[in-house]
Amino acid sequence: MGKKYVFDFDSTLTSVEALDVLAEITLANKPEKDAVVSEIQAITNLGIDGDISFTESLERRLSLLNANKSDLDTLVQELQNKVSESIVRNKEFFENYSEDIYIISCGFKEFIEPIVAKYNIPAHKVYANTFTYDEKGNITGFDKENVLSSHNGKIECLKRMNLEGEVQVIGDGYSDYVMREAGIADKFFAYTENVSRDKATANADHVTPNLDEFLFVNDLPRNISYPKNRIKVLLLENVHPEAFKKLSKDGFSVELVKTSLDETALIEKIKGVHVLGIRSKTQLTQKVLEAADKLMVVGAFCIGTTQIDLDACKKKGVVVFNAPYSNTRSVVELAIGEIIMLMRSIFPRSTEIHNGQWNKTAANSREVRGKNLGIVGYGNIGKQLSVLAEAMGMHVYFYDVNDQLSIGNATKCDHLNELLEISDVVSLHIDDNKANKDFFNKDAFDAMKPGALLVNLSRGFVVNIEALVGALKSGHLGGAAVDVYPEEPISNGAFVTALQGMENVILTPHIGGSTEEAQRDIANFVPNKIMEYMNSGNTVDAVNFPNIRLPKQQNAHRFLHIHKNVPGIMAKINEVLASFDMNISGQFLSTDAQVGYVISDLDKGYNKEVIKALKEIPNTIKFRVLY
């Protein structure tokens, strides 16, 4: 005697309550529609939670519908597009296990049978109510002789079915749980993919947010090997809410923490976490990674990755993504704004007004038009700054250690000092390579044009602060705008720098990329990369990993194998697959100096022995069955 699976229909197999949809159809274009639909929904919930009898709930709803038999065809068409996502994803389960699947619903056969027929569930396995009609086809009510029309009718219905074996009930409401409470069902799974009802979840043997979880718990074949709701995502440093929304909507279990965590706290917090999202303050060290027993991927919601031990991540098989382009415009706009503010001495004038002093003067107030802008670091940000500055009439010069093509009329400088000697404003856009520490030192300031201005929106450690203070105090430098510092606090609060209180020095708290638009773009880009990796194995744009993209295969299983880059691993993988008579329908290998990454698509079923053999291949770092 095997297991028997009893499914509810409304808000379980479908994402909606069918009578609510029928109300939308019959009341379309009527002014009272919204009010009536809301009333029907409220009555539905009262009945599902057992707060009123089901008979009363049904009678009251049908009296509000004013529906005709002809409306049911439209309803069926609507419901076909509203089958729950994980049900659609696991259609094969219904087709292969139809002998053991039953539908018990307080809904109506007229619309349930056509929907479940496409999932290989025959009409005789559907237990539901039926409508009554008048001579014009208007729905007048329901068959009151049907056991399911009475209060707690599901109990009597299941009792009469006299099913053998373990009976599991899957539904969203308390009216489904009562079969378990009455002792005629062995387990109740509260299905929360579409709606979570407190009375159902409180009494459930297991809360299942999707069919993947239900199938996983029962060790049944499923489209996704490991349910997404079991994949834990930890987002730190007040990452934009859009990231939380996207990852949660995709089915992951997401926790949002507003601050960064120090090493000790992160070591404790990261246990059991599969996906970590951070910004620039969280330090992902080797010690943290050693404690990360489940970690698969890290998303850096920023440009830089120096806060992450990329080499240690790679050795552990942890893929890292960042957002190299998402906040470019925000940084450039701040640079433009600060160049204008410094040129016009806006900061001193503003401070004077705040202090009650009126000092209208043109002294040290100049236009940016016709001035020379020197850009140090001609990457994405440097190039875009070049375009906007030139549009304002500035002459642009740039210096980069890498060979870069100029944009527009920008002039390339072969040596840093060549740029410094000619520039009225120098804007730094240097990457986060640790070799750039104190790149801009006393020698660089001495080489600058007297009265020139400095803007640093890159990294705090690239500028020697002591040398900058000296250049400002001596008057050799006419002003500076600084957004980044050698040491920055991990959370908002007190901060001290030697630059405080200096005239014509604009200080901002590392907000170059902190605009609503940039954070929203980052919160779209990074989660998309995380989801592509977790859902399909794609590593395109990964910072520390070989880049692979393999299109999803239909009717296939996908294995992901990460290993040390030593000779012969691919041959060993394929030897294992061949020994189990598995045919490869698609495969891709990419390597770098340290690791290799293989995606294999197989066109037939597999057993646990295959998995065990692949994991035991020497030099394997990580292995995962995706679907």
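Numerical summary
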quantity	calculated
Cut-off under 5 Å, modelled amide H: who pairs with G141 long-range	T132
Order of R366, R160, R279 - criterion: other Cβ atoms within 10 Å of each residue's Cβ, fewest first	R160, R366, R279
Measure of compaction for the stretch 352-504 (Cα Rg per 2.2 N^0.38 Å)	1.08
The stretch 43-56 - phi-based ³J(HN,Hα) in whole Hz, Karplus 6.51/-1.76/1.60, Gly and Pro as x	5, 4, 5, 4, x, 5, 7, x, 7, 10, 5, 5, 4, 5
Mean ellipticity per residue at 222 nm, deg cm²/dmol - from DSSP H runs of n ≥ 4 across the chain, formula -39500 (n - 2.57)	-10000 deg cm²/dmol
Integer Hz, Karplus 6.51/-1.76/1.60 couplings in order for the stretch 12-18, x for Gly and Pro	10, 5, 10, 7, 9, 8, 4
DSSP-defined antiparallel bridges as percent of all bridges, the stretch 4-217, nearest 5	25 percent
Exposed GluC sites (Glu not before Pro) absent: longest stretch of the chain, with sites in DSSP loops and at most 13 other Cβ within 10 Å deemed exposed	165-366
Hydrodynamic radius by Kirkwood, which averages 1/r over all alpha carbon pairs of the stretch 128-265, in angstrom	18.3 Å
Relative pair counts by distance (%), Cα atoms of the stretch 446-517, 5 Å bins	3, 15, 28, 25, 16, 8, 4, 1
Mean Cα-pair separation over length for the chain, i.e. relative contact order, pairs under 8 Å, 6 or more apart, %	9 percent
Percent of Cα-Cα distances greater than 26 Å, calculated over the stretch 217-328	18 percent
Cross-link reach list, lysines versus K144, counting only Cα pairs under 16 Å and skipping chain neighbours closer than eight places	K109, K154
Assigned charges on the beta-carbon of Lys, Arg, Asp, Glu; the chain dipole about Cα centre (debye)	1140 debye
Of K314/K572; K552/K622; K258/K434; K249/K608; K232/K622, those spanning more than 24 Å from alpha-carbon to alpha-carbon	K258/K434; K249/K608
For the chain, with +1 on Lys and Arg beta carbons and -1 on Asp and Glu, the positive-most of V320, T140, N162 along the dipole	V320
For the stretch 357-431: span of alpha carbons on each principal axis (Å, largest first)	48, 24, 21
Over the stretch 551-625, relative contact order from alpha-carbon pairs under 8 Å, at least 6 apart, %	46 percent
Bins of 10 Å from zero: percent of alpha-carbon pairs in the stretch 551-625	19, 58, 22, 1
5 angstrom amide H check on A452, placed H, neighbours 5+ away	G478
Dipole-positive endmost among T305, N203, W358 within the chain (Cβ charges, Cα centre)	T305
HN-Hα J in Hz across the stretch 527-543 - Karplus 6.51, -1.76, 1.60, θ = phi - 60°, x for Gly and Pro	x, 4, 5, 4, 5, 4, 6, 5, 8, 9, x, 5, 10, 4, 6, 5, 6
Distant-in-sequence amide H partners of V595 (H built 1.01 Å from N, under 5 Å)	N565
Full-extension gain in nm, E263 to A391, via 0.36 nm per residue minus C-alpha separation	41.5 nm
Along each principal axis, Cα extent of the stretch 4-217, largest first, Å	47, 33, 30
FRET efficiency for Q404 and T140, using Cβ-Cβ distance with R0 set to 56 Å, rounded to 0.05	0.10
Antiparallel %, DSSP beta bridges [both residues in the chain], to 5	30 percent
Pairwise centroid distance, computed over Cα atoms, of the stretch 274-330 with the stretch 552-590, Å	27 Å
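Every number here is computed from the coordinates shown, using simple stated rules; none is lab data. What you are looking at is a predicted structure, and each value in this text was computed from that prediction instead of being measured. Glycine gets a Cβ as well: all are built from the backbone with ideal geometry, and neighbour counts include every protein chain shown.
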